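Report on one structure; see the data block that follows.
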2 protein chains.
Amino acid sequence: MARSTGKDVKRKRKVVLASGTFDLLHLGHVKYLEEAKQAGGKNAKLVVIVARDSTVENRKGRRTVMPEDQRRALVESLKVVDEAILGYENFDMGNVIEAIKPDIIAVGHDQTDIEAEARKAVEEKGLAIKVIGIGRFGKPELNSSLKIKRKIMELYKGRYE
Amino acid sequence: MARSTGKDVKRKRKVVLASGTFDLLHLGHVKYLEEAKQAGGKNAKLVVIVARDSTVENRKGRRTVMPEDQRRALVESLKVVDEAILGYENFDMGNVIEAIKPDIIAVGHDQTDIEAEARKAVEEKGLAIKVIGIGRFGKPELNSSLKIKRKIMELYKGRYE
């Protein structure tokens with residue numbers, strides 16, 4: 001066994017925070033989460049906030065296809081995810097940061113609102129949290145819930161109505 | 001260290017084979033895969049055959065929403081899955097059994113064709129493979145790709161057309 005010098009400091013495991021609705025899970029979501037986790041280095045812990053149904057209705061003006069508890073459980077069943085938790089009913093980035101204490105907040109290519117809120121909260125509180133943007137994965141085809149919905153409409157119109 | 005008696009036989013890790021299309025991934029899929037893996041006991045290896053687009057078209061007479069390579073990668077990104085591979089263009093249960101050498105074949109509640117083919121192949125070859133059926137998970141609501149498609153049609157009709 002190697003002799004301990006007493007100077008070994010146990011490196012803190014970095015916590016990366018990601019978020020989303022994940023209504024129809026697709027490979028673009030997984031790639032976003034994988035890149036987010038990688039940003040925290042080896043042994044990073046990835047915590048994912050899954051948006052409440054009510055938050056999606058209020059912010060995006062649409063109903064979700066899958067209920068929030070199923071979306072959360074599905075996200076947590078991914079290899080890359082250490083913990084998936086439902087967001088607050090009244091989503092507030094400051095509260096989320098206080099609860100999760102992330103080292104890094106990773107925002108997806110289509111999360112401009114979340115990015116602005118994260119940067120504002122970090123700045124206002126003077127926190128040492130990095131806010132990073134994750135690019136879109138590959139071709140946009142089917143890496144978007146909207147595109148998946150459109151394809152379903154196109155394929156099944158007149159069949160399941 | 002414990003003294004080796006020479007009688008310790010390393011227990012073979014059981015291989016469980018599951019299969020499906022997994023076109024719109026939902027929690028029912030994950031529950032099916034988890035139950036399948038549990039049937040193989042501790043340390044079981046779960047191998048999942050993901051149906052080719054052409055196989056789905058030939059057998060079910062419909063096009064998939066997500067292309068086969070994306071469906072395969074998404075299934076492999078689940079914690080419960082050790083390996084996900086695309087099926088043969090001409091799906092044949094005998095060939096699959098020969099390639100994967102499973103101890104257990106787990107079929108889902110809606111896979112009556114697959115179950116019959118698996119039982120036939122096992123019987124014909126006189127193999128020591130258990131074929132087990134996995135029940136439907138919880139309420140059928142949204143644990144069915146068809147129901148998800150119907151809900152999307154209902155929610156987005158006239159919006160994304």
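The values are calculated or read from the model by the stated rules, or taken from the named source; none is laboratory data. What you are looking at is a predicted structure, and each value in this text was computed from that prediction instead of being measured. Reconstructed Cβ throughout: ideal geometry from the backbone, glycine too, with neighbour counts over all protein chains shown. The accessibility values were calculated without ligands, DNA or RNA, using every heavy atom of the protein model including side chains. Shrake-Rupley method; radii C 1.70, N 1.55, O 1.52, S 1.80 Å.
On a 20 Å Cα-Cα criterion, which of the cross-link pairs A:K60/B:K79; A:K42/A:K101; A:K42/B:K42; A:K14/A:K79; B:K60/B:K149 come out too long?
From A:K60/B:K79; A:K42/A:K101; A:K42/B:K42; A:K14/A:K79; B:K60/B:K149, over 20 Å: A:K60/B:K79; A:K42/B:K42.
Legend: residues in region B:26-50 shielded by at least 50 square angstrom of accessible surface upon adding the remaining protein chains to the isolated chain (1.4 Å probe, heavy atoms) are B:L27. Take the accessible area of B alone and of A alone, subtract that of the pair with a 1.4 Å probe, and the total buried over both chains is about 3600 Å². Which percent, to the nearest 5, of DSSP beta bridges fully inside the protein assembly as shown are antiparallel? Approximately 5 percent, going by the DSSP bridge assignments.
Oblate is the label for the protein assembly as shown, because the ratio a/c of its alpha-carbon gyration tensor axes (a ≥ b ≥ c) is 1.5 or higher and a/b is not greater than b/c.
Among the residues of region A:66-82, those with an accessible-area drop of 30 Å² or more from chain alone to full protein complex, heavy atoms and 1.4 Å probe, are A:M66, A:Q70, A:L74, A:S77, A:L78, A:K79.
Can you compute the FRET efficiency between A:K120 and A:L146 using 1/(1 + (r/R0)^6), with r the Cβ-Cβ distance and R0 = 35 Å? Round to the nearest 0.05. It comes to 0.85. In percent, rounded to a whole number, the relative contact order of region A:51-161 is 18, using alpha-carbon pairs under 8 Å and six or more apart.
Where the accessible area of the protein assembly as shown is counted over protein heavy atoms with a 1.4 Å probe, how much of it, in %, is carbon and sulfur?
47
Taking every protein chain into account, the accessible area of chain B amounts to 56 square angstrom per residue (probe 1.4 Å).
Each helix, a run of at least 4 DSSP H residues, gives -39500 (n - 2.57); summed and divided by the residues of the protein assembly as shown, these come to -11500 deg cm²/dmol at 222 nm. Placing a label point 7 Å from the Cα of B:S54 along the Cα-to-Cβ line, the residues of region B:75-108 whose backbone N sits under 17 Å from it are B:86-93, B:95-96.
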